Amino acid sequence: MKISTWNVNSVRARIENIKKYIKDSSPDIILLQEIKTEEKNYPFDDFKKLGYESYVNGQKSYNGVSIISKKKLKNINISLPGDTIKQSRLISTEIKIKNKIIDLINIYVPNGNPVDTEKYYYKINWLNLLIKFLKKKIDNENQIIITGDFNILPEDIDVHAPEKYVNDALFRIEIRKKYREIINLGLIDVFRHFNKKEGNYTFWDYTQGSWQKDNGLRIDHMLISNSLIELVKKIEIKKKIRSQDKPSDHVPLECTFT
DNA sequence: ATGGCAGAACATTTCTGA
């Protein structure tokens, strides 16, 4: 069972890259963020032709998340309880791996810059609501896979120039503490669990020659319940995708379970 | 301090992103 997460920066602008990725890598489930389209303009047929079903929480122009799956999925949810602003940033479902029933949650966390503005407070509030949402599931003994674009740099080694990011909404202590809070609910950062080295990024800015200089950020994550770690065979960042024509500024993060 | 690039839409300019 291969599960992949990818912020594609528009599903329509990226459709050829996504189709190529699917053909090359054949993941069972792909979780997309920043699809930047409403459901009515979502390219359902392109994925259908490759044998995938899509489940969409869309929005015009901005945000938007979807799940693409080889098998049909049940219990689709698109709401984050308490979020009154209602941007399309979450979609979840239920899957089974080795007879374990698992909540699979796809998120696109608000960026939050500039700090100390409405956008920043929205990020803090959204993360607080997410923590509540997760805590309820965990108190209920649900097993969880939560993955997507967290817009959080967990540690110094996740950013090429940490000193430049100390007061950035992706790296502020207050924001990193929220990430710790999520981990402390009983989750493991799967990539970091298997890779302790710096310089493993999932995003490179389009500007300033960031890709050429390898000035990246690790902001896309896959967190899983502690009890699921024994099911993980491998996890990798598909870095090469960033060097394609018309790339997204993020690359896929791919996790293979038994 | 600014803008560098990219995508979408109330589109030849403005907004959002990280």
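All of the numbers you see were taken from the coordinates with simple rules; none came from a lab. Remember, it's a predicted structure, so these values are computed and weren't measured experimentally. Backbone-built Cβ (ideal geometry, glycine too); neighbour counts: all protein chains shown.
See the values below:
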| read-out | value |
| --- | --- |
| Efficiency of FRET from Cβ geometry, A:ILE85 and A:ASN41, R₀ 22 Å, rounded to 0.05 | 0.50 |
| Mean separation of Cα contacts under 8 Å (6+ apart) over length of segment A:145-253, as relative contact order % | 33 |
| Rh by Kirkwood over Cα pairs, then Stokes-Einstein D for segment A:159-229 at 0.692 mPa s and 37 °C, µm²/s | 243 |
| Amide hydrogen neighbours beyond the local backbone of A:ILE219, cut-off 5 Å, H modeled | A:THR202, A:PHE203 |
| Centroid-to-centroid separation of segment A:1-42 and segment A:105-145 [C-alpha atoms, Å] | 22 |
| Hits among aspartates and glutamates - C-alpha to C-alpha of A:LYS246 under 15 Å, sequence gap 8 or more where chains match | A:GLU16, A:ASP205 |
| Relative contact order of chain A, pairs being alpha-carbon contacts under 8 Å that are 6 or more residues apart, as % | 19 |
| Normalised contact order of segment A:55-109, rounded percent, pairs of Cα under 8 Å and 6 or more residues apart | 34 |
| Candidate lysines for bridging to A:LYS60, where Cα separation is under 16 Å - those fewer than 8 sequence places away on the same chain excluded | A:LYS36, A:LYS40, A:LYS86 |
| Cβ-Cβ FRET estimate between A:LYS197 and A:ASP245, R0 fixed at 30 Å, reported to 0.05 | 0.55 |
| Residue pairs, from the table A:LYS49/A:LYS240; A:LYS48/A:LYS98; A:LYS70/A:LYS234; A:LYS2/A:LYS72, whose Cα atoms sit over 22 Å apart | A:LYS49/A:LYS240; A:LYS48/A:LYS98 |
| Protection proxy ranking, peptides A:128-134, A:153-159, average beta carbon neighbours within 10 Å, highest first | A:153-159, A:128-134 |
| Computed lengthening from A:TYR122 to A:ILE138, 0.36 nm per intervening residue step minus Cα-Cα distance | 3.3 nm |
| Computed lengthening from A:ASN215 to A:LYS48, 0.36 nm per intervening residue step minus Cα-Cα distance | 56.5 nm |
